[in-house]
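One structure below.
The values are calculated or read from the model by the stated rules, or taken from the named source; none is laboratory data. Since the model is a prediction, treat every value here as computed from it, not as a measurement. Quick reminder, even Gly has a Cβ in these numbers, built from the backbone with ideal geometry, and neighbours come from all protein chains shown. Ligands, DNA and RNA are excluded from the accessible area calculation, which covers all protein heavy atoms including side chains. Shrake-Rupley method; radii C 1.70, N 1.55, O 1.52, S 1.80 Å.
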Amino acid sequence: MANLFRILYFLSAGLRRLHWDKKKLRKYQEKRLRAVVRYAYEFVPFYHDKFRRVGLKPDDVRTLDDLSKLPIVRKDELRLVEPSLLVSKQYDVGELKVLRTSGSTGKPFKFYISSVEDDWRKAIYLRANVSCGQRPRDKWVFVTSPRHFADTTSIQRRLGIFAQDCISVFSRTADQVKLIREARPDVLDGYSGALFLVGRYVEREGISEVRPRLMFGSADFIDVSARKYLEKVFNAPYYDQFGCSEVDRTAWQCPERVGYHMDVDSVITEFVDKDGNPVSAGEHGEIVHTSLFNFVMPFIRYSIGDVGRPSEDECPCGRVLPLMEVVEGRADSFVVLPDGKLISPRAFTVAMSMFEYYEGIEQFRIIQRKIDCFDVLLKIKRADLAESDMAEKLKLHFQKVLGFSTKDVTFNVSFVDEIPLSKTGRLTAVISEVARTA
Ligand SMILES: [Zn+2]
């Protein structure tokens, strides 16, 4: 019960902040920034060393403009550091909640969060949905990774307050639709790629009883035409959301859909050029986050390995949170299987993150060479893992989780020393070389 109250408390405070003025918001951000930097310096060995090496003391960071004095931290760097050095000395790693990135870049990473921080994260997440019209008792169906199934507490479920009804992204589209049909959601939410496939199925089969009032999509972006298609099929507005596993959702479309409001009272977002300097409005910049709520394992000037564009536009809705533009095309395309089934690349990366040896993998890439043939490249960080053994285990894992049969699809698993950037210059975990007709 305590958690639900805390989430609702954080939510109502977060909703109030949407109507603050800019000055008040900035003061709030700076106060939290100072607190997080001071805490990281005092209690987190990694940041203590990092700041000392550049000669910084917590008092040197007082305003948002001081952020640029701090070094940018990348996932590659954090992945090499022992968790005990990344987590506050005031906490025991074993008592914290562990979260994992879902691996859209093919580089696994796990991180830690306290239950209070987790409630904050959930409240900020809800704020966007509530702002777009979701109500506490709405029937809310979420097509996502099975890992999120436990995010709704039993109390929430019993009271039916912001209780997600989760459907696995791994299930076949027909099975997902069956469950959605039974649930009759007011709010249809989830990985946008999976929602798109649900929409296609619903239209093709002429199913009329799935009538959500609202849709939210995230994780693998579908383009504007696919969103419009979903709006047509379901006759409901579709709102896109942007984020990353480490700090959760960070930007979202409000009903005006002018841009994406950034949750800057929870996570500061900077857009920087290759030298770490801010880019101008409208220009592409590397996204760098500073979380104002993660103290247990802070993320200070943390690059998520993606790009976006800052915007100076004001949203007509009047919410104080500034806007960004999301760069389309992070989405990998859908993967088509021999039986014509389409699956979202996110299903592969999530499946990979559930593999028993995931933590022994430094980086991976799955390339669909032919419709029935996948190459799986693994850069391994543990010497005791044998290639043939891993190949066998991974094949079985994919078959089980993704529901493939060996007769239909082959996986060639090999260990490699290096995984280069994809042609688009992005670290892409799943690439299909098969021409699509979908
Ligand atoms: Zn707005």
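Beyond 16 Å, the tail of the calculated P(r) for region 335-432 holds 54 percent of the Cα pairs. Once you reduce region 184-243 and region 11-74 to the center of their Cα atoms, the two points are 37 Å from each other.
When the chain is treated as a Gaussian network with alpha carbon springs shorter than 10 Å, the biggest mean-square fluctuation among Leu396, Leu159, Leu377 belongs to Leu159. Across all directions, the shadow cast by the convex hull of the chain built on its C-alpha atoms averages 20.8 square nanometres.
Of all lysines in the structure, the ones whose alpha carbon falls short of 28 Å from that of Lys393, not counting any fewer than 8 places away in one chain, are Lys75, Lys97, Lys107, Lys110, Lys341, Lys370, Lys379, Lys381, Lys407.
Using the alpha carbons of region 170-228, what is the convex hull volume per residue in cubic angstrom, as a whole number?
Working: hull volume 4.7 nm³, N = 59.
Considering the Cα atoms of region 170-228, their hull volume per residue is 79 Å³.
I want to verify the translational diffusion coefficient of region 1-128 in µm²/s; compute it with Stokes-Einstein, Rh as the Kirkwood radius over Cα pairs, at 10 °C and 1.306 mPa s. Approximately 95 µm²/s, per Stokes-Einstein.
Looking at the calculated P(r) for region 272-330, what percent of the C-alpha pair distances fall above 13 Å?
67 percent
Each 10 Å bin from 0 upward holds the following percent of the Cα-Cα pairs of region 105-188: 15, 44, 32, 9.
Give me Rg/Rg_expected for region 123-258, where Rg uses Cα atoms only and Rg_expected = 2.2 N^0.38 Å with N residues. Walk me through the intermediate numbers first.
Numbers: Rg = 13.8 Å, N = 136, 2.2 N^0.38 = 14.2 Å.
So the Cα radius of gyration is 0.97 times the expected 2.2 N^0.38 Å.
With protein chains left intact and a 1.4 Å probe, residues in region 133-236 average 43 Å² of accessible area per residue.
I'd like the carbon and sulfur percentage of the solvent accessible area for region 335-432, probe radius 1.4 Å, heavy atoms only, ligands and nucleic acids excluded.
Numbers: 2330 of 4530 Å².
Using a 1.4 Å probe with all protein chains present, region 335-432 comes out at 51 percent carbon and sulfur.
Straightening the chain between Asp339 and Arg137 buys 68.8 nm, computed as 0.36 nm per residue apart minus the Cα-Cα spacing.
For region 139-189, the mean projected area of the C-alpha convex hull, equal to one quarter of the hull surface, is 3.3 nm².
GNM remark for the chain: springs join alpha carbons under 10 Å apart, and the peak mean-square fluctuation among Tyr302, Tyr201, Tyr112 falls on Tyr201.
Taking the Cβ of Asp384 as the centre, find all other residues whose Cβ is under 15 Å away and add up their charges (Lys, Arg: +1; Asp, Glu: -1). Could you put the intermediate results ahead of the total?
Values: positive: Lys381, Arg382, Lys393; negative: Glu356, Glu359, Glu362, Glu387, Asp389.
Overall, the nearby charge balance is -2.
Given R0 = 45 Å, the distance between the Cβ atoms of Ile155 and Asp417 translates into a calculated FRET efficiency of 0.35. Overall, the accessible surface of region 133-236 at a probe of 1.4 angstrom is composed of carbon and sulfur to the extent of 49 percent. The phi torsions of region 65-81, fed into the Karplus equation with coefficients 6.51, -1.76 and 1.60 and a -60° offset, translate into couplings of 5, 6, 3, 5, 6, 7, x, 7, 10, 10, 4, 4, 6, 5, 5, 8, 9 Hz, rounded to whole numbers, with Gly and Pro shown as x. Looking at region 367-412, the pairs of alpha carbons with a distance over 12 Å make up 64% of the total.
By how many nm would the segment from Arg52 to Ile72 lengthen if fully extended, with 0.36 nm per residue of separation less the alpha-carbon distance? Walk me through the numbers before you get to the answer.
On the way: separation 20, 0.36 × 20 = 7.20 nm, distance 1.42 nm.
Result for the pair: 5.8 nm of gain on full extension.
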